[in-house]
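This report refers to the structure that appears directly beneath it.
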Amino acid sequence: MTQANYPSANGGNPFFEDWSGPFGVPPFGRIAPEHFPPAFDRAFAEHNAEVAAIAADPSTPAFDNTIAALELSGRPLARVSDVFSALSSAHTNDALLKIERDIAPRRARHWSGILLNEPLFRRIDAIHRDRDRLDLTAEQKRVLERYHVMFTRAGAALGAEARERLAAINERLATLGTAFSQNVLADEQAYTLVLDSEEDLAGLPDFVRAAARTAAADRGLTGKHVITLSRSSVEPFLQFSARRDLREKIFRAWIARGDTGSRTDNKAIIAEMLALRAEYARLLGYPTYAHFRLDDAMAKTPPAVRGLLDRVWAPARRRALADRDDMQELVRKDGGNFELAAWDWRYYAEKLRKLRCDVDEAAIKPYLQLHHIIEAAFYTAYRLFGLSFERRHDIETWHPDVQVYDVRGPDGSHRGLFFGDYFARPSKRSGAWMTTLRDQEKLAGDIRPLVVNVMNFSKGGDSQPTLLSYDDARTLFHEFGHGLHALLSDVTYPMISGTNVLTDWVELPSQLYEHWFERPEILERFALHYRSGRPMPDDLIKRLLAARTFNQGFMTVEYVASALVDLDLHLEAAPKDFDINVFEEAALGRIGMPAEIVMRHRPTHFAHIFAGGGYASAYYSYMWSEVLDADAFAAFEETGDIFHPATARALQDNVYGAGGSRDPAELYTAFRGRLPTPDALLRKRGLAEPAPQPG
Ligand SMILES: [Zn+2]
């Protein structure tokens, strides 16, 4: 391909230039939506030319001329894709949404073309067959294995007809996944609960009011209060609002995302996606999509997943029902003449928490200032891994709220950049995530990663600091744990760099990191009151930590129900005339879902499994990883030092720094000396003992 095909090529498209600013960061200030289509066009063409040359190489297939060559190919495509997905998630607009709809199926077609390239697969297969006779390092062997698995699972070994069908399915799934996610975003953007009077604000503490004023100002409603469908806006409202009618109103809107019967409804999309996924798995010789998906996971099979979820479900459900009965009692004592409903749970749970644990969210939140919690996450990384973080103001970003840090290792050397994008805004998708603008590797030089954390915290209003809920603060540590997985990555090949690992392993570094937040050593130092600057009193810390297992029945039920429905959906061998709402009701009926609890993610807005396929049949991964993280943190506790240097070293070598360089079971065993059991998880969630008797 020549530049002549692209008349705008020399017209200042930043994707056609070397990025010469500090650390090679994308020049966000100059990137405009119209730069993406020509950049994608050229990147696809260049990548195709590179791959064609590798496939047609007349020399004998070898690791270097095939696998390493593939690893080095497609760099411009990675560059434009990484920037595009960062922007289209964290700061999108109509132009980007439109490009996303065009690009998603084209990108799928592009990758199908490569993964289903027959001569290319013949080369990979030949090297793979020869692997024990070749002089490969352990890491090279693993990379080769991952390539072989990736091509085989894409259908490279199948006949031409099946390959064509797989490519068509992939392309269609990409279009549907994009539509799904844009529909959820549209439903979230379309809805606001405007609170007009003091009566509407009944029960809301200052921090909820301040955040609601900011959300109103963002929408040109200065002086009013607005609650949005973002989790960090709606959850505190449900927790504190004394207005049962308003709680019901927003709760119904929240759980109806993607299920409104309007233009943005996701039900037909889900039916089509499930049918296509089932067909995809069948073409590859698996009975269902779940079997296909889990075959390349640490869990391996659907029964292994169900075994873990079932083991947790029964005690969690018992605990949730006992809590429900206690809350119903509170309703009666309050003089309420109604049955506890789903929109009441968080409100009465908050009252129950005050009674049982003598601790309430409104008392905790003033101590959890965003900037101190960020410092706490950095401090933990310093104590464990010797990392230091220096704020930089000379790095371009996509939004003025984004904070950039230069990350340095114990020897002072540059390890990467960390971008923190913490505040909710209308242009951002809901949820919290970590992504990269560039992965660590040593193949194309000593490349240091550019790591991004995105959250949706409600920004503190009226020149007040941003205060986090306990959950928000834990989420910050979670995403930062993912960030460290990318920042500490120390491998040669991009294929296995950082978080490029199996889905049920990827949540270990993130969930494990949450444990440090929940320790007195960290809270005493960083939970400082935003007015007095005083640390959280010991006694409050004690009560807070004792309260950690409070409401775990609800949280476990909410999560496990989502995981079980996800598994069931993908165990359908041939879903036809599929009605997702009927299926959801039946699946929840089978497990005895309490009527007062709604799944953490109902299918019509379950982005993990339908906005792209990331967690399809793999939402269980969080709990699978939790078995690992609970057991892994116990390794520190057993030493009596949560920063125990030798244990931290082993953790860095085998988990945070290791990427996907070895099989997860092997990595875990190298760290811990054995595989984990679910015991530590059940203890952590307070579900190990029999549930207390109601009444
Ligand atoms: Zn995560």
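When GLY498, GLY483 are checked against the criterion of being crowded, with 24+ Cβ neighbours inside 10 Å, within 14 Å of the ligand (Cβ to nearest atom) and at positive phi, a single residue qualifies: GLY498. In segment 460-473, which residues are touching a Leu at 6+ places or on another chain (Cβ under 9 Å) and not in a strand (DSSP E or B)? Answer for segment 460-473, where residues must be touching a Leu at 6+ places or on another chain (Cβ under 9 Å) and not in a strand (DSSP E or B): GLY460, PRO465, THR466, LEU468, SER469, TYR470, ASP472, ALA473.
With the structure loaded, tell me whether GLU339 is under 30 Å from LEU488 (Cβ atoms) and either modelled with pLDDT of 95 or more or exposed (fewer than 15 other Cβ atoms within 10 Å of the Cβ) (or both) or whether it fails that test. The answer is no for GLU339.
HIS608 fulfils the conditions (1) more than 20 Å from the chain's Cα centre (by Cα); (2) assigned to a helix (DSSP H, G or I); (3) modelled with pLDDT under 95; (4) under 30 Å from VAL149 (Cβ atoms) except for a single criterion, (1). Answer yes if at least one residue in segment 530-553 is of a type in the set (Ser, Thr, Tyr) and under 18 Å from the mean Cα position of the chain (by Cα), and no otherwise. No: segment 530-553 contains no residue that is of a type in the set (Ser, Thr, Tyr) and under 18 Å from the mean Cα position of the chain (by Cα). Do we have any residue at all in segment 551-559 that's closer than 25 Å to ASP206 by Cβ and away from the ligand (no atom under 14 Å from the Cβ)? Yes, segment 551-559 contains at least one residue that is closer than 25 Å to ASP206 by Cβ and away from the ligand (no atom under 14 Å from the Cβ). Just one of the listed residues (THR436, THR503, THR475) is closer than 18 Å to PRO76 by Cα and within 16 Å of the ligand (Cβ to nearest atom), namely THR436.
Name the single residue, out of those in segment 486-495 being under 30 Å from PHE526 (Cα atoms) and not in a loop (DSSP other than H, G, I, E, B), that is nearest to the ligand (Cβ to nearest atom). So the residue we want is ALA486. Would you confirm whether any residue within segment 28-49 is buried (at least 17 other Cβ atoms within 10 Å of the Cβ), within 30 Å of ASP394 (Cα to Cα) and among the polar types (S, T, N, Q)? No; the residues of segment 28-49 include none that is buried (at least 17 other Cβ atoms within 10 Å of the Cβ), within 30 Å of ASP394 (Cα to Cα) and among the polar types (S, T, N, Q). Scanning segment 250-298 for residues that are part of a helix (DSSP H, G or I), more than 18 Å from ARG600 (Cα to Cα) and out of contact with any helix residue (DSSP H, G or I) (no Cβ under 7 Å at 6 or more places or on another chain) yields ALA268, ALA275, ARG282, ARG293, ASP295.
Suppose the filter is crowded, with 22+ Cβ neighbours inside 10 Å, modelled with pLDDT of 95 or more, within 16 Å of the ligand (Cβ to nearest atom) and under 17 Å from LEU484 (Cα atoms); does ALA632 pass it? Answer is yes for this residue. Evaluation of ILE67 against the conditions (1) among the aliphatic types (A, V, I, L, M); (2) touching a helix residue (DSSP H, G or I) at 6+ places or on another chain (Cβ under 7 Å); (3) crowded, with 21+ Cβ neighbours inside 10 Å; (4) under 20 Å from PHE15 (Cα atoms) shows that the sole unmet condition is (4). Checked against the criterion of being assigned to a loop (DSSP other than H, G, I, E, B), at pLDDT 95 or above and among the basic types (Lys, Arg), segment 576-597 has no qualifying residue. Would segment 636-645 turn up any residue that is within 16 Å of the ligand (Cβ to nearest atom), under 24 Å from GLY386 (Cα atoms) and either in contact (Cβ under 8 Å) with a residue 40 or more places away in the chain or of a type in the set (Lys, Arg) (or both)? Looking through segment 636-645, none of the residues is within 16 Å of the ligand (Cβ to nearest atom), under 24 Å from GLY386 (Cα atoms) and either in contact (Cβ under 8 Å) with a residue 40 or more places away in the chain or of a type in the set (Lys, Arg) (or both). When the residues of segment 44-76 are filtered to those that are free of Cβ contacts under 8 Å to residues at least 12 places away in the same chain and not in a helix (DSSP H, G or I), the one that is nearest to ARG133 (Cα to Cα) is THR60. Taking segment 145-202 as the search range and keeping residues that are of a type in the set (Ser, Thr, Tyr) and in a loop (DSSP other than H, G, I, E, B), which one is surrounded by the fewest Cβ atoms within 10 Å (Cβ to Cβ)? Only one residue tops the list, namely SER197. Counting residues in segment 506-524 that are under 15 Å from GLN440 (Cβ atoms) and within 16 Å of the ligand (Cβ to nearest atom) gives one or more. Summed over segment 232-263, residues that are surrounded by fewer than 20 Cβ atoms within 10 Å (Cβ to Cβ) and touching a Gly at 6+ places or on another chain (Cβ under 9 Å) total 3.
Scanning segment 441-498 for residues that are modelled with pLDDT of 95 or more, farther than 21 Å from ALA90 by Cβ and among the polar types (S, T, N, Q) yields SER489, THR492, SER497.
Note on segment 454-472: residues that are away from the ligand (no atom under 16 Å from the Cβ) and either farther than 29 Å from THR214 by Cα or of a type in the set (S, T, N, Q) (or both) total 5. Within segment 356-366, not a single residue is surrounded by 15 or more Cβ atoms within 10 Å (Cβ to Cβ) and either modelled with pLDDT of 95 or more or more than 30 Å from GLU248 (Cβ to Cβ) (or both). Close Cβ contacts (under 7 Å, 6 or more residues apart or on different chains) running from residues in segment 470-494 that are closer than 22 Å to GLU350 by Cβ to residues that are of a type in the set (Gly, Ala, Ser) and buried (at least 24 other Cβ atoms within 10 Å of the Cβ) comprise LEU476/ALA377.
The values are calculated or read from the model by the stated rules, or taken from the named source; none is laboratory data. Just so you know, these numbers come straight off a predicted model, no measurement behind them. Please note: Cβ atoms are built from the backbone with ideal geometry, for glycine as well, and neighbour counts cover all protein chains shown.
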